[in-house]
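Report on one structure; see the data block that follows.
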Amino acid sequence: MSTNKSTPATTLPTGELLFSMNADQVAEAIKASGCAVTAVNDNGVVRLHSASQGIGFQVMWGNALREGEYVDLTLSCPLRVQGGTLPEGLLGEWHRTKRFVRASQHGDFVVLEMDILAAGGIAPQHLAMMVQLWSQMMGQFFQHVRTYAAQAGAQQPAQSTQQEATAEA
């Protein structure tokens with residue numbers, strides 16, 4: 001039983017699947033995760049902007065099934081890196097220990113991204129759960145950065161002391 005209605009996800013009966021997503025459905029999923037959402041019409045394309053953990057993110061539409069209906073999307077959060085560089089190993093450690101949300105560096109920016117795919121059909125509850133997961137993973141990434149930076153800062157004086165002791169010997 002398929003539906004491609006342009007109604008918000010919360011009005012779909014349980015058991016019906018989404019084979020594409022539109023701005024209303026994704027906005028409802030964002031609201032269900034506890035975040036506010038702003039829709040901006042950009043030359044006929046609705047752009048969704050929101051925030052989690054006090055940091056903004058946007059919905060980047062993927063493959064269009066038809067006007068306003070998309071088979072996939074990417075939740076994206078670009079972050080400017082103070083000083084322009086990340087501690088070496090930070091992104092590698094993130095990818096080694098976490099799944100679902102990827103992080104990549106592009107110049108002075110780190111971009112967190114998570115894809116959501118409706119191809120084959122997903123329940124509206126799945127869409128809402130994926131947005132909730134995104135919000136949780138954003139928080140985990142910010143904690144990862146703080147923890148990694150604190151550990152790197154604590155190790156640096158110890159390494160300097162060890163280097164000084166080696167030089168004296």
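The numbers here are math on the coordinates, done by the rules we state, and not lab data. Remember, predicted model here, so these are calculated numbers, not experimental data. Neighbour counts are summed over all protein chains in view; Cβ atoms, including those assigned to glycine, are modelled from backbone coordinates with ideal geometry.
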Item to check | Filter pass, VAL111 being surrounded by fewer than 16 Cβ atoms within 10 Å (Cβ to Cβ), closer than 27 Å to ARG146 by Cα and in contact with a Ser or Thr (Cβ under 9 Å, 6 or more places away or on another chain) | outcome: yes
Checklist entry - What residue, among those in the range 61-76 that are touching a residue at least 24 places away in the same chain (Cβ under 8 Å) and in contact with a Leu (Cβ under 9 Å, 6 or more places away or on another chain), is farthest from PRO124 (Cα to Cα)? => result SER76
